[in-house]
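Single-structure report; data block below.
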Amino acid sequence: MTELTKKNRFIIELKGIVKEYSPQKSFFSKCDNRVIALNSIDLGIKKGEIFGLVGQSGSGKTTMGRLLVKLEQATHGTIFLNGNPVTNLTGKALNNYRSRVQMIFQDPYQSLNPYLSISETILEPLNVHKIGNNDQRYEKVIHTLETVGLSPGKEYYDRYPHQLSGGQRQRVAIARAIVLEPEFIVADEPTSMLDATIAIQLFRLLTQIRDKFNMTFLFITHNLAAAKYLCDRIAVIHEGNIVEINTADEIIQNPQHPYTKKLIQVQPGFHFN
Ligand SMILES: Nc1ncnc2c1ncn2[C@@H]1O[C@H](COP(=O)(O)OP(=O)(O)OP(=O)(O)O)[C@@H](O)[C@H]1O
Ligand SMILES: [Mg+2]
């Protein structure tokens, strides 16, 4: 393998990532309350794959997502995008990273600003990154609305989040995340607040977007069945440690780690939320 292909084998790579939270100590507190949310994570995500991160509540899933989109900084370790370290990005380089890596949050009721119309919500990233003129931005918003299944786009353009269902709101959140055509998207439990039938429609949408734009996704979930349905590969996380990584089929049919086996036992059915 040449140096270049070795470098670019993964679109996203985490090496030795540790995230420690230290709550502020009071004068009287004697105990050390540090939480190790992520404990030396090594992980590579390939271009165009939907990679699942599965674990129970408090295992460190959201923390990993927040580090990847640089909402937070790792305590130790390095994150790479296309082989380039992104740890100390500032200014223009950080701006550029923020346009290439996006996040979809769990709660479509809280993640959209209720005072912004649907068009203003989706226009915001285009304005921030100064993409195109007014006409081009308008076209882009309409086109993106239709890509996420809100069609015809003109009908949704001037609506507000309270006029949409939970599933439609999550489609708007997806539109906002993809409007800059990023390379990598973190989707943090994007369907856990929605009905199973709506969840499956959104899984189909994410797969279509991956196929259309060759985007790469980290899909975060506590639900192994959902990950099996959507993902190419899955990492199982337990108390801040990745205990197993494999193809989705292998993880379900041939789990190796006792914790993965336990997860499969407690989630026998195919329910998605
Ligand atoms: N800002 C913070 N300050 C202190 N501790 C935190 C902070 N954010 C997360 N933690 C702790 O880090 C650990 C991992 O939290 P995280 O939110 O990443 O878990 P999760 O897997 O996303 O859980 P859930 O499935 O409930 O969303 C937990 O013990 C949590 O309490
Ligand atoms: Mg979480």
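Details
- Qualifying residue in the range 28-35 (condition: modelled with pLDDT of 95 or more, farther than 24 Å from Arg210 by Cβ and away from ligand 2 (no atom under 16 Å from the Cβ)): no
- Members of the range 84-132 found to be surrounded by 15 or more Cβ atoms within 10 Å (Cβ to Cβ), among the small types (Gly, Ala, Ser) and either assigned to a loop (DSSP other than H, G, I, E, B) or in contact with a strand residue (DSSP E or B) (Cβ under 9 Å, 6 or more places away or on another chain) (or both), listed by number: Ser111, Ser117
- The C-beta contact set for the range 134-163 (first residue over 18 Å from Ile174 (Cβ atoms) and without any contact (Cβ under 8 Å) to a residue 60 or more places away in the chain, second residue surrounded by fewer than 18 Cβ atoms within 10 Å (Cβ to Cβ) and not β-branched (Val, Ile, Thr), distance under 6 angstrom, 6+ apart or interchain) comprises Asp158/Ser117.
- Within the range 135-156, the set of residues being surrounded by fewer than 18 Cβ atoms within 10 Å (Cβ to Cβ) and of a type in the set (Ser, Thr, Tyr) comprises Tyr138, Ser151.
- Near pairs, Cβ below 7 angstrom, 6+ apart or cross-chain, from the range 253-273 (at pLDDT below 85) to any residue that is β-branched (Val, Ile, Thr) and surrounded by 15 or more Cβ atoms within 10 Å (Cβ to Cβ): Phe272/Thr191; Phe272/Ile200; Asn273/Thr191
- Listed by position, the helices (runs of 4 or more DSSP H) enclosed by the range 189-259 that each have at least 1 residues that are within 17 Å of the chain's Cα centre (by Cα) are 196-213, 224-230.
- Cβ separations smaller than 6 Å between residues 6+ apart or across chains give the following pairs from the range 103-114 residues that are closer than 11 Å to Asp188 by Cα to residues that are charged (D, E, K, R) and assigned to a strand (DSSP E or B): Phe105/Asp188; Gln106/Asp188.
- Here the range 53-76 is the region considered, the condition is being farther than 18 Å from Leu89 by Cα and more than 8 Å from ligand 1 (Cβ to nearest atom), and the residue that is nearest to the chain's Cα centre (by Cα) is Leu53.
Every residue, every condition in (1) in contact with a Pro (Cβ under 8 Å, 6 or more places away or on another chain); (2) more than 27 Å from Asp195 (Cα to Cα); (3) at pLDDT below 95, yes or no:
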position	(1), (2), (3)
His129	no, yes, yes
Asn133	no, yes, no
His143	no, no, no
Val148	no, no, no
Lys154	no, no, no
Tyr157	no, no, no
Tyr160	yes, no, no
Leu164	no, no, no
Gln168	no, no, no
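- Only listed residue being touching a Lys or Arg at 6+ places or on another chain (Cβ under 6 Å) and either away from ligand 2 (no atom under 16 Å from the Cβ) or not small (Gly, Ala, Ser) (or both), chosen from Ile104, Ile122, Ile79: Ile122
- Criterion applied to Arg210, Arg233, Arg204, Arg176 was being at pLDDT 95 or above and either crowded, with 22+ Cβ neighbours inside 10 Å or within 16 Å of ligand 1 (Cβ to nearest atom) (or both), and the one residue passing it is Arg176.
- Thr87 vs. criteria touching a Ser or Thr at 6+ places or on another chain (Cβ under 6 Å), polar (S, T, N, Q) and at pLDDT 95 or above: no
- The range 42-68, residues that are assigned to a strand (DSSP E or B) and among the charged types (D, E, K, R): Asp42
The values are calculated or read from the model by the stated rules, or taken from the named source; none is laboratory data. None of these values were measured; they are calculated from a predicted model. Note: ideal-geometry Cβ built from the backbone for every residue, glycine included; neighbour counts use all protein chains shown.
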